[in-house]
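Taking it in order: structure first as structure tokens, then the write-up.
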Amino acid sequence: MGGWAIAVHGGAGVDPNLPPQRQEEAKQLLTRCLNLGISALRSSLPAIDVVELVVRELESDPLFNSGRGSALTENGTVEMEASIMDGTKRRCGAVSGLTTVKNPISLARLVMDKSPHSYMAFAGAEEFARLQGVALVDNQYFITEENVGMLKLAKEANSILFDYRIPTVGLETCSAGAASVEAALQMNGLPISVYAPETVGCVVVDGEGRCAAGTSTGGLMNKMSGRIGDSPLIGAGTYAGELCGVSCTGEGEAIIRGTLARDVAAVMEYKGLGLQEAVDFVIKERLDEGMAGMIAVSRNGEVAYGFNTTGMFRGCATEDGFMEVGIWE
Ligand code: ASP
């Protein structure tokens, strides 16, 4: 075994003109979350517990699109979703359509541990949350002023936003260049924007070689009420097996079509690819250009990531002392 490893993400599809202060805040949050995970791993917490712990921290901070700070539906409400998977026995739990659950990832964990099911949604999931005694808050808790402004812009543009920050410059001055802007402007034929951070995720392999993965999100800004993305779908946004753990981020519809997370595990299992090779292969073969990214760990203690968007907020650390936080290529 190669020791423990951890990776986190805060979404792909970053605004190339994201102000430096924002970039700094994002990096600080990712670093804080990595450090939290590292100390938990040093205290021998199992991978699945570390994933839950770190994703909760990301959900509680309004910076990224999960828990507090979630993207808003077309009705201005929040409908959150999350999933978690323990690779050792391929156990999993997922939730969608949450409106009052403070930490969706923990409810996903409870679905896995305390229900006979693997995926619960909307009213039934909320009722399950109440029965399990998890922290509930008013929907207003999740809504930030910034996201209300972004929803307004999205509605004005009649657009479903791939991410949720207010554009700082016009598209014509976007430094990513006209071609990538054009590519980013289409999502299922609908116009979308190219700006900033999104969904959060964490993948962990612990010192015993156990892999786990978790993903949590508010989905896409100005999404239709009832829309479910890739993040709660095991095999699409999240997957963990014996060999690896994977969490994806980006345009959910593209990730679902490509079954990205499971495919990484599948090419490792069936084609014998290494972790980074598997990530690169799946992004190249299964993902539409400019749409998404992913983080992954292997049971040998490796970390890998890849994306075909402008950037991806991410960080990783391994037991041998390596640590890195980045946004761009
Ligand atoms: N994949 C998420 C979704 O489509 C969005 C994201 O990753 O930011 O709901």
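Kindly indicate whether any position in the stretch 304-312 is aliphatic (A, V, I, L, M), touching a residue at least 24 places away in the same chain (Cβ under 8 Å) and closer than 14 Å to Val8 by Cα. Step through it out loud before you land on a result.
Of the residues in the stretch 304-312, the ones aliphatic (A, V, I, L, M) are 304, 312.
So of that shortlist, the ones also touching a residue at least 24 places away in the same chain (Cβ under 8 Å) come out as 304, 312.
From what is left, the residues that are closer than 14 Å to Val8 by Cα are 304, 312.
Checked the stretch 304-312: at least one residue is aliphatic (A, V, I, L, M), touching a residue at least 24 places away in the same chain (Cβ under 8 Å) and closer than 14 Å to Val8 by Cα.
Have a look at Glu302, Glu251, Glu289 and point out the one that is within 12 Å of the chain's Cα centre (by Cα) and among the charged types (D, E, K, R).
Details: Glu302 fails: within 12 Å of the chain's Cα centre (by Cα); Glu289 fails: within 12 Å of the chain's Cα centre (by Cα).
Unique residue meeting the criteria: Glu251.
Looking at Gly250, Gly272, Gly290, Gly245, which is the one that is of a type outside the set (Ser, Thr, Tyr) and within 10 Å of the ligand (Cβ to nearest atom)?
Values: Gly272 fails: within 10 Å of the ligand (Cβ to nearest atom); Gly290 fails: within 10 Å of the ligand (Cβ to nearest atom); Gly245 fails: within 10 Å of the ligand (Cβ to nearest atom).
Among Gly250, Gly272, Gly290, Gly245, only Gly250 is of a type outside the set (Ser, Thr, Tyr) and within 10 Å of the ligand (Cβ to nearest atom).
With respect to the numbered conditions (1) under 16 Å from the mean Cα position of the chain (by Cα); (2) crowded, with 21+ Cβ neighbours inside 10 Å, which one is the sole condition not fulfilled by Asn308?
(2)
Residues that are over 26 Å from Ala129 (Cα atoms), surrounded by fewer than 23 Cβ atoms within 10 Å (Cβ to Cβ) and more than 16 Å from the ligand (Cβ to nearest atom): does the stretch 3-14 have at least one?
Yes: one or more hits.
For the stretch 133-144, does any single residue satisfy the condition of being crowded, with 17+ Cβ neighbours inside 10 Å, outside any helix (DSSP H, G or I), modelled with pLDDT of 95 or more and more than 20 Å from the chain's Cα centre (by Cα)?
yes
Looking at Val279, Val297, which is the one that is free of Cβ contacts under 8 Å to residues at least 40 places away in the same chain, buried (at least 24 other Cβ atoms within 10 Å of the Cβ) and within 15 Å of His9 (Cβ to Cβ)?
Val279
For the subset of the stretch 313-329 comprising residues that are acidic (Asp, Glu) and free of Cβ contacts under 8 Å to residues at least 40 places away in the same chain, which member is surrounded by the fewest Cβ atoms within 10 Å (Cβ to Cβ)? Give the derivation first.
Going residue by residue through the stretch 313-329, those that are acidic (Asp, Glu) are 319-320, 324, 329.
Right, trim to free of Cβ contacts under 8 Å to residues at least 40 places away in the same chain and you get 324, 329.
Working: Glu324: 14, Glu329: 7.
If we take residues in the stretch 313-329 being acidic (Asp, Glu) and free of Cβ contacts under 8 Å to residues at least 40 places away in the same chain, then Glu329 is surrounded by the fewest Cβ atoms within 10 Å (Cβ to Cβ).
The values are calculated or read from the model by the stated rules, or taken from the named source; none is laboratory data. All values derive from a computational prediction rather than experimental measurement. Backbone-built Cβ (ideal geometry, glycine too); neighbour counts: all protein chains shown.
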